[in-house]
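For reference, the structure is listed below as structure tokens.
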Amino acid sequence: MYCLIGAEVAIFVIFIVAYLFYVGKTVSGPTPAVLHAPLFFSVCLLSSSWTIHRAVAALRRGQASSFARWWLTTIVLGALFLGGTGREWQHLIVDEGLTIGTNLFGTTYYSLVGLHAFHVTMGLIALTTVSLLALFGHVKQEHAERVDIISLYWHFVDVVWIVVFLVVYVVGR
Amino acid sequence: MSTADSLGSPETRTAPRPLVDTVHGWVTTVDHKRLGILYVLFGLTFLLIGGVEAAIMRIQLIRPLNDFVSPQVFNQMFTMHGTTMIFFVAMPLLFGFANYLVPLMIGARDMAFPRLNAFSFWLTAFSGLFLYFSFVGGYGLYGAGSAPDVGWFAYAPLTSKTFSPGHSTDFWTLSLLVSGFGSIGTAVNIIATVLCMRCPGMTLGKMPLLAWMNLVMAALVIMALSPLTAAQLMLMADRYLGAHFFDTQAGGSAAIWMHFFWVFGHPEVYVLVLPAFAFASEIIPVFSRKAIFGYPVMVAATLAIGFISMSVWAHHMFAVGMTAGANTFFVLSTMAIAVPTGIKIFNWLATMWGGKIYFKAPMLFCIAFLFQFLIAGLTGVMMGSAPFDWQLGGSYFLVAHFHYVLAGAIFFALFGAFYYWFPKVTGRMYSETLAKVHFWLFVIGFHLTFDFMHVPGILGMPRRIYTYEPGRGWGIWNFIVTIGVLFQAAAVLAFLVNLVRSSLRGKPAGSDPWDAWTLEWSTTSPPPEYNFGSIPEVKSRRPLWDLKHPEDPDWKYE
């Protein structure tokens, strides 16, 4: 998983480099000034790192119900974040008229944030799969190590969001 | 069956299994040895295809104003030749060897993730088939042939919808995207295997150099293939979603594609050449009857190459026009990478120095590898200085240089590896006579083609032209270059005949025909499915030496 994360980091680095390279080079259309930092949803995503950590810790101690609670909270927080991204995009597309083809800002913004949202989606699918398995009683204490690997991925998604957030909403503006 | 034989089981011959069963067994296999063989067979098939494409180009260029193929077909040929040779010949062959050898050499029973391994192979296989589907798919069905024709590095804006309508570039992008996923999967697997599956006693410092170099190679794959994947995603967004990453009309940059591509492209050279180093580092000591000279330095040099190779990419772009600062940096880093590479060459020479050298086919190929890699490196240093590159970058001199690396170094080492491990994989000896025929024909053909290819480059012949005017003085050189192809084709034919004939009718090889020292030779040939009856324990870098010479074991000195 660490290797896979290494590969993922490299992919994100390229997209971030592209974003930074093109910052301020947009010739027409909306600029990063139209963005509003999605603080609430970012807090959702970042706190989900903590909840998934609690979930795995609970599983390690063999507390199944506590594990399920924290795990489901993580899914809800992740879904909230994804919903937030969706709303933001809807606002940008409908109200600001910014799409991936509008200008360079649209291209780099949607691809970078979209790449991250894609990873959140994959993470949610993995989390949901585990919760379905747990529902049928297939996730036990001895599986803590495997579940931990998924949490590793989830932490990675969160850390990437910190970077993307800084790049897009702080530096890029 | 081999399993039964090796265990000395009394049952003699069972009825041959039906073909369907055999095919099913190979298609669904997760055994690292079978996947390794599949990789190699896949690579060899595409080697033939890529070779035919090269031959078509050379026939077209044999004399001025030739009209063997149209310019359009010529463009498709060099694009497909380059893409095929890098992604579907060299990488599968090297991954195949890594798959087969790494677990055996570190005393493991399989790779860390056998199913991921199979998945990666099939991704690679289908992406290769997909690329070639472009000849018949898309508009090809109407006889238009829509194979990619944008060059193997597909510079923007040539790849945009405007200049590359239809689906040819999409075939290229998608195929490389998918094969990239396959390569990353294999790389993850190799790293996990080497780090977690070594047998007891095998510390990192006692690991065979082949495992070390494949470890670094896998790390490079992860760092290099991922940017390519990202760049392909961007290109697809450009082509399908109307994004503007590389769209110069909307303020996008064509140069950033070059950066993204070469951030992959240069480490890729080391992805390919490190396994070649690995073969040489295993073969040369065995046929010199000496332990490798300077093992720790070899490891350090490998790591140094890995690190430096990440910071040399823009030496492919001197002619694009960068700032003086960038030029200086990339010239210096390019010069710097020659140092660890030079260290390796001296270490191999020092291994041979004073050794009792056996000139068998694997060793012959490795010696040729040493010479040719040296020359490739020297022209590399020449091209690495920006002013020289301004003059000759994009000429046939450059083409000759990188073919010296890819064919002269990597393929020679690969052929050496083929002969060296052939007895292990098939359980039979190859024919030494045919192997020598292969070697000499290939040496002659290689030098005819690629030595003389430097000359038209110096005389100003640019790469990728489909024909040229008479009276430029290029004709005779191109003629010689094309003649060399004949020898190379004959050599490859001898190689294939040898492989097929010897695997069917060769003499039984026994488990250790070379009196070698690494763990793969301690098990039967071919190895049973579980590799080792009991997991071996090692005390030194040459466990089999210790076993054969209990009176003077290596671990006393290491």
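Where a number appears in this text, it was derived from the coordinates with a stated rule and is not lab data. The shown structure was predicted, so the numbers you read here are calculated from the model rather than taken from an experiment. Glycine gets a Cβ as well: all are built from the backbone with ideal geometry, and neighbour counts include every protein chain shown.
Values for this structure:
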{"quantity": "Percent of C-alpha pairs per 10 Å bin, region B:406-517, short to long", "calculated": "13, 35, 24, 15, 10, 3"}
{"quantity": "Fewest-first ranking of B:Lys436, B:Lys206, B:Lys507, using other Cβ atoms within 10 Å as the exposure measure", "calculated": "B:Lys507, B:Lys436, B:Lys206"}
{"quantity": "FRET E, pair A:Thr121, B:Ile62, Förster distance 45 Å, beta-carbon r, rounded to 0.05", "calculated": "0.25"}
{"quantity": "Among A:Leu39, A:Leu59, A:Leu77, residue whose mean-square fluctuation peaks in a GNM of chain A (springs only between Cα atoms under 10 Å)", "calculated": "A:Leu39"}
{"quantity": "Entries in B:Lys360/B:Lys436; B:Lys206/B:Lys556; B:Lys360/B:Lys424; B:Lys344/B:Lys548; B:Lys290/B:Lys436 that, when Cα-Cα distance is taken, lie over 18 Å", "calculated": "B:Lys344/B:Lys548; B:Lys290/B:Lys436"}
{"quantity": "Gyration tensor over alpha-carbon atoms, chain A, equivalent ellipsoid semi-axes in Å", "calculated": "34, 16, 12"}
{"quantity": "Relative contact order (percent, whole number), chain A, Cα cutoff 8 Å, 6+ residue spacing", "calculated": "34"}
{"quantity": "Cβ charges +1 (Lys, Arg) and -1 (Asp, Glu), total dipole of region B:2-556, debye", "calculated": "760"}
{"quantity": "Distance between modelled label sites at B:Val381 and B:Leu459, nm, 7 Å Cα→Cβ extension", "calculated": "2.8"}
{"quantity": "Fewest-first sequence of B:Trp348, B:Trp514, B:Trp26 by Cβ atoms within 10 Å of each Cβ", "calculated": "B:Trp26, B:Trp514, B:Trp348"}
{"quantity": "Three-way shape label, region B:22-84, alpha-carbon gyration tensor, a/c 1.5", "calculated": "prolate"}
{"quantity": "Cα-based reach from B:Lys507 at 12 Å (exclusive), listing aspartates and glutamates while leaving out same-chain residues under 8 positions away", "calculated": "B:Glu432"}
{"quantity": "Kirkwood hydrodynamic radius over Cα pairs of region B:96-208, then Stokes diffusion coefficient at 37 °C and 0.692 mPa s, in µm²/s", "calculated": "201"}
{"quantity": "Histogram of C-alpha separations across region B:457-558, 5 Å bin width, %", "calculated": "2, 9, 12, 11, 9, 7, 7, 7, 7, 8, 9, 7, 3, 1, 0"}
{"quantity": "Estimated D of region A:4-67 in µm² per second, where Rh is the Kirkwood radius over Cα pairs and Stokes-Einstein applies at 4 °C, 1.567 mPa s", "calculated": "83"}
{"quantity": "Calculated log₁₀ intensity ratio I(q)/I(0) where the Debye formula runs over C-alpha points of region B:474-519, q = 0.27, 0.33 Å⁻¹", "calculated": "-0.93, -1.04"}
{"quantity": "Descending principal axes extents, region A:83-173, alpha-carbon based, whole Å", "calculated": "50, 25, 17"}
{"quantity": "More than 44 Å apart - percent of Cα-Cα pairs taken over the protein assembly as shown", "calculated": "29"}
{"quantity": "Computed E for B:His447/B:Thr28 - FRET, C-beta separation, R0 60 angstrom, nearest 0.05", "calculated": "0.85"}
{"quantity": "Cut-off under 5 Å, modelled amide H: who pairs with B:Arg428 long-range", "calculated": "B:Ala509"}
{"quantity": "Per residue convex hull volume, Cα atoms of region B:407-456, in Å³", "calculated": "56"}
{"quantity": "Residue-wise HN-Hα coupling along region A:86-101, computed from phi with Karplus coefficients 6.51, -1.76, 1.60 (Hz; x: Gly, Pro)", "calculated": "x, 5, 4, 5, 4, 4, 5, 6, 7, 7, 9, x, 9, 10, 5, x"}
{"quantity": "Relative contact order for chain B, counting Cα pairs under 8 Å that sit 6 or more residues apart, in percent", "calculated": "16"}
{"quantity": "Rounded to the nearest 20 debye, dipole of region B:235-390 from Cβ charges on Lys, Arg, Asp, Glu", "calculated": "740"}
{"quantity": "Distance (nanometres) between label positions extended 7 Å along Cα→Cβ at B:Val20 and A:Leu39", "calculated": "6.8"}
{"quantity": "Selected from B:Leu101, B:Pro553, B:Leu448, residue furthest toward positive end of dipole (region B:2-556; charges at beta carbon)", "calculated": "B:Pro553"}
{"quantity": "Mean Cα-pair separation over length for region B:409-491, i.e. relative contact order, pairs under 8 Å, 6 or more apart, %", "calculated": "39"}
{"quantity": "Values of log10 I(q)/I(0), in the order q = 0.19, 0.21, 0.27 Å⁻¹, for region A:66-125 under a Debye, Cα-only, solvent-free model", "calculated": "-0.72, -0.81, -1.08"}
{"quantity": "Principal axis box of region B:251-317, alpha-carbon based, largest edge first, Å", "calculated": "61, 18, 12"}
{"quantity": "Rg/Rh ratio calculated on Cα atoms of chain B (Kirkwood radius)", "calculated": "0.97"}
{"quantity": "Approximate spin-label separation A:Thr129-A:Leu80, in nm, with each point projected 7 Å along Cα-to-Cβ", "calculated": "2.6"}
{"quantity": "For B:Arg289, A:Arg69, order by how many other beta-carbon atoms lie within 10 Å, fewest first", "calculated": "B:Arg289, A:Arg69"}
